[in-house]
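The values are calculated or read from the model by the stated rules, or taken from the named source; none is laboratory data. Nothing here was measured: the structure is a model prediction, and the numbers come from that model. Please note: Cβ atoms are built from the backbone with ideal geometry, for glycine as well, and neighbour counts cover all protein chains shown. All accessible areas refer to the heavy atoms of the entire protein, side chains included, with ligands and DNA or RNA removed. Shrake-Rupley method; radii C 1.70, N 1.55, O 1.52, S 1.80 Å.
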Amino acid sequence: MKALVLGSGEAFDENFANTSVLIESETNLLLDCGFSVPPMLWRSHARVDALYLSHAHADHFFGVPAVLARMCDEPRREPLKIITQYDVWLRLGQVLELAYPASEAKRTFPLEFVEASAGASVALGELTLTFAPTRHSISNLAIRVACGERAICFSGDGAFTPQSKALYQGADLLFHEAYSFEQKNSHSQMEEVVAMAVEAQVKRLALTHIERGVRRNERGRVEALRYDTGIAVLLPKGGERIAV
Ligand SMILES: [Zn+2]
């Protein structure tokens, strides 16, 4: 299994696309698709079999209309699975209709909704997906993608919870939002994320969704954090591919 990083940024960073990762296996699963992600996906020429959406914020799902429109252009015939919370699925329908009215009737392939819920498990080819809530301003589910003994986890947005920490236990690679050094109500604090990942025995931690001002002004502090732990702490950029 590989993780192709399409973006690792927060919502409004001019230098980093919104955080999005393509899991490459026999089945290719795209994790989130914000408004600045589509060009990164198209440049990769990667096939997408299924799409997971962690929550309904624009920097995590407003890229979907363009991605689907280009698939129709090709034209795609294979079904596309959309794995997400029921509320997000409903909102996605509204966003697709707003972006390209009446496009549903002209779509060249079916969308297949698969509900994600905390504690449930979804089989997707050789992959097994499980989910846990984080603490965010709206409902967000972190995901664990397991393939045999290997696992890649992805937080979406929000501070970690006991459930999401348990979801990450022993993961080979964890993409976790690490928004800032300050405590925020609905985002993770950088040092706490690293400490949590060490406790959860995560093998490699990729810090994502870092607030743009922190990237600009506190690079030394972020770098220092990477080398004070017993695990590998990565700062991935769009285009990087990480094998597990
Ligand atoms: Zn969000």
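Brief remarks follow.
- Across region 13-36, the qualifying residues are those that are within 16 Å of the ligand (Cβ to nearest atom) and under 17 Å from L234 (Cβ atoms), and the one among them that is most open to solvent (accessible area, probe 1.4 Å) is F16.
- Scanning region 27-37 for residues that are within 15 Å of L80 (Cα to Cα) and touching a Gly at 6+ places or on another chain (Cβ under 7 Å) yields a total of 3.
- Matching residues, region 106-137, being open to solvent by less than 60 Å² (accessible area, probe 1.4 Å), over 15 Å from L31 (Cβ atoms) and within 16 Å of the ligand (Cβ to nearest atom): P133, H136
- Listed by first and then second residue, the pairs with beta-carbon distance under 8 Å, at least 6 apart or on different chains, first residue in region 111-138 and of a type in the set (S, T, Y), second modelled with pLDDT under 95 and surrounded by fewer than 19 Cβ atoms within 10 Å (Cβ to Cβ), are T130/G119; S137/N185; S137/S186.
- Residues of region 1-12 that turn out to be away from the ligand (no atom under 14 Å from the Cβ), surrounded by fewer than 24 Cβ atoms within 10 Å (Cβ to Cβ), of a type outside the set (A, V, I, L, M) and not in a strand (DSSP E or B), as a count: 0
- For region 61-71, the condition of being of a type in the set (V, I, T), touching a strand residue (DSSP E or B) at 6+ places or on another chain (Cβ under 6 Å) and under 20 Å from N18 (Cβ atoms) holds for none of the residues.
- Listing of helices (runs of 4 or more DSSP H) fully contained in region 123-228 that carry 3 or more residues being over 19 Å from the mean Cα position of the chain (by Cα): 190-199, 212-217, 219-226
- Residue in region 203-220 that is open to solvent by less than 40 Å² (accessible area, probe 1.4 Å), among the polar types (S, T, N, Q) and out of contact with any Pro (no Cβ under 6 Å at 6 or more places or on another chain) present: yes
- Residue selected from region 138-147 under the condition surrounded by fewer than 24 Cβ atoms within 10 Å (Cβ to Cβ) and under 14 Å from I23 (Cα atoms), by the criterion farthest from the ligand (Cβ to nearest atom): C147
- Qualifying residues in region 57-76 (those that are open to solvent by 20 Å² or more (accessible area, probe 1.4 Å) and under 28 Å from R135 (Cα atoms)) - the one nearest to the ligand (Cβ to nearest atom): H57
- The C-beta contact set for region 162-190 (first residue without any contact (Cβ under 8 Å) to a residue 24 or more places away in the chain, second residue open to solvent by 30 Å² or more (accessible area, probe 1.4 Å) and part of a helix (DSSP H, G or I), distance under 9 angstrom, 6+ apart or interchain) comprises Q183/E192.
- Any hit, region 167-181, residues being within 12 Å of the ligand (Cβ to nearest atom), at pLDDT 95 or above, closer than 21 Å to F61 by Cβ and open to solvent by less than 10 Å² (accessible area, probe 1.4 Å): yes
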